[in-house]
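Asker: A single structure is presented below for examination.
The values are calculated or read from the model by the stated rules, or taken from the named source; none is laboratory data. Fair warning: this is a prediction, and the values are worked out from it, not measured in the lab. Cβ: placed from backbone, ideal geometry, glycine included. Neighbour counts: every protein chain shown. Accessible surface areas use protein heavy atoms only, side chains included; no ligands, DNA or RNA. Shrake-Rupley method; radii C 1.70, N 1.55, O 1.52, S 1.80 Å.
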Amino acid sequence: MRKCIVAAFIVTLASSGTLASPADVQALLSVCKDTDFCPGFQKQFVDEYKSAFRRRYTSQRNVAFMLEDRDSHPDHGVVRNWVAACAWRAVIMNSRDKEVDDSDRMNLAFACKRLNPPGRVAAAVLASDLMGQIYKRPLAA
């Protein structure tokens, strides 16, 4: 019963537009502890996030990576969010961009395998919202 309630909450959260517009980028940022590196990384993330909504393949890949990454720097000011990373990877795969390749398929599997079933549902809902806003078409099955 509890899993159903959590799943319903995640689906409601994802379908309410959370993280599905350029204005939502602030929800993905954390407080910077490292004042040398973090603010610049956050600015780069915000710029890439906005650019991703303009159908820029490289920006979409960068957004997904920045939502996953912790190895390059422990305090880069972007909250790790596997649901959003998985959703962006699905958007990339459905973008029909000529640059999509096998590495994108591997990255989709990498991001999405970390999610439990309710997380995968939330990622699919978010990816669907993103596809509608960016490409004006539904997410392929």
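Asker: Evaluate E = 1/(1 + (r/R0)^6) for Met106 and Thr35, where r is the Cβ-Cβ distance and R0 equals 30 Å; express this FRET efficiency to the nearest 0.05.
Answerer: Once rounded, the FRET efficiency stands at 0.30.
Asker: Rounded to a whole number, what % of the accessible area of segment 57-113 do carbon and sulfur atoms account for, probe 1.4 Å?
Answerer: 53 percent
Asker: For Val78, which sequence-distant residues (separation of 5 or more, or a different chain) have an amide H within less than 5 Å of its own amide H, given hydrogens modelled in the peptide plane?
Answerer: Ser30
Asker: Using the Cα gyration tensor of segment 70-130, with a ≥ b ≥ c the square roots of its eigenvalues, what is the shape: rounded (a/c below 1.5), prolate (a/b larger than b/c) or oblate (neither)? Could the numbers behind the result be given before it?
Answerer: Numbers: a/c = 1.76, a/b = 1.20, b/c = 1.47.
Note, shape of segment 70-130 comes out oblate.
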